[in-house]
1. In the range 190-293, what trypsin sites (Lys or Arg not before Pro) fall in a loop by DSSP, with at most 15 other Cβ atoms inside 10 Å?
2. Using alpha carbons only, how many angstrom separate the centre of the range 178-212 from the centre of the range 72-103?
3. What nm distance separates the two modelled labels at D15 and D335, each placed 7 Å from Cα along Cα→Cβ?
4. Report the residue, chosen from V299, V99, V194, that carries the largest GNM mean-square fluctuation when the chain is represented by alpha-carbon nodes joined by springs under 10 Å.
5. Would you please classify the overall shape of the range 88-206 from the alpha carbon gyration tensor, given that a ≥ b ≥ c denote the square roots of the eigenvalues, rounded means a/c under 1.5, and beyond that prolate means a/b larger than b/c while oblate covers the rest?
6. Only Cα pairs within less than 10 Å get springs; with that Gaussian network setup on the chain, which residue of E110, E63, E302 has the largest fluctuation?
7. Taking a point 7 angstrom from the Cα of L151 along the C-beta vector, which residues in the range 245-284 have backbone N less than 11 Å away?
8. I'd like the antiparallel share, as a percent to the nearest 5, of DSSP beta bridges with both residues in the chain.
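The values are calculated or read from the model by the stated rules, or taken from the named source; none is laboratory data. Bear in mind that the values here come from a model prediction, so they are computed numbers and not experimental data. Positions of Cβ are backbone-derived with ideal geometry, glycine not excepted, and every protein chain shown enters the neighbour counts. Note: areas computed on protein heavy atoms with side chains; ligands, DNA, RNA excluded. Shrake-Rupley method; radii C 1.70, N 1.55, O 1.52, S 1.80 Å.
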Amino acid sequence: MAYDIAVIGTGPEPDNPVWGESAAMAYRHAEGYRDRDDCDIVAAADIVRENVAAFAEEFAIPEDGIFEDYERMLEVVDPDIVSISTPVPTHADIVLDCVHSGVPDAVHCEKPMATTWGDARLMAQEASRRDVQLTFNHQRRFSPVWREPKLALESGAIGDLHRVEVSTSTLLDNGTHHIDLAHMYADESAVEWVIGQIDYREEYVKYGAHNENQGLVQWAYDDGVQGIATTGYGADGVGEDVRHRLHGTDGVIEITPWADEQARVRQDGGEWETLVADAPAAAVPPAIDHVVDCLRDGVEPEFSARRALSVTEVIFAAWESSRRRGRVDLPLTVDDNPLEAMVESGDLSPGPADEE
């Protein structure tokens, strides 16, 4: 079967990314589709005409497939899969419009899910009700850097997992990848509770969403495994440049994606052994392959909306814990974004970002 692909939110050309505003992820998505014999990129939409025109030229999209209005695109074109790479605050509206249009069979959206917990739940709910495959681009789980440690875990290299430690810059923007990976290592077990504290003294808005400057979060899976995350100024609490440390009953695995030795394992009483070196930490084309293959085979993707929702719940529960000054037992019952709400209420008053 062949699939027609449409892209919403092309952003600027990849040679000129505006970090924190656009990372040209639409180009990364499109490269994955272009590499497949069963996919044809037929349309793209962006509110900036010159952006979508450049994208169309790069991926051989005809003139009648170029749009500034994605809703008009959905009326004119009949794509099987829609990829969305727009700023975070727009994700929910665009995903819901695509789902409610009845046009695509699958929607693949950039991470993180949304800027409110209510919107994240609604997207997952509506896609499920209408049998639309909805995925979010937690693509790192397809890179050997992160995948090989999972295979080592499954082989019993460190015994039974009992704690996952995470180091990341922020909970929402980058942490959504790392909490997703923690869930992968914990066999996608359900999370029972979350407790966290954050510091937000300097405004940090990335891709349209607020992010804390520093955070410390703990959560528990229902099988007894626990997770700990340190973010921002305190991220090195896990270890310098270490992004994940997996503690088992019989050893430890460390993942340091930008080091020469990207992943290593040490059994109790033994020496460190290399698991991964010289591998790409990102894996967008394999993620795109997974989107298409799961649609073809009718199976739930590894980064389905249901699984992304579990990741997002930990993030918003951590902020809600800071707002409540106490542990949050899941399921999370708020609808808003606790971090944004604390800013709007004046409970948090971040100053201007340091321009130096």
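1. R201
2. Each part's Cα centre sits 26 Å from the other's.
3. 4.8 nm
4. Between V299, V99, V194, it is V299 that shows the largest mean-square fluctuation.
5. oblate
6. The residue with the greatest mean-square fluctuation here is E63.
7. Once the point is set 7 Å along Cα→Cβ of L151, 276 turn out to lie under 11 Å by backbone N, inside the range 245-284.
8. Close to 60 percent.
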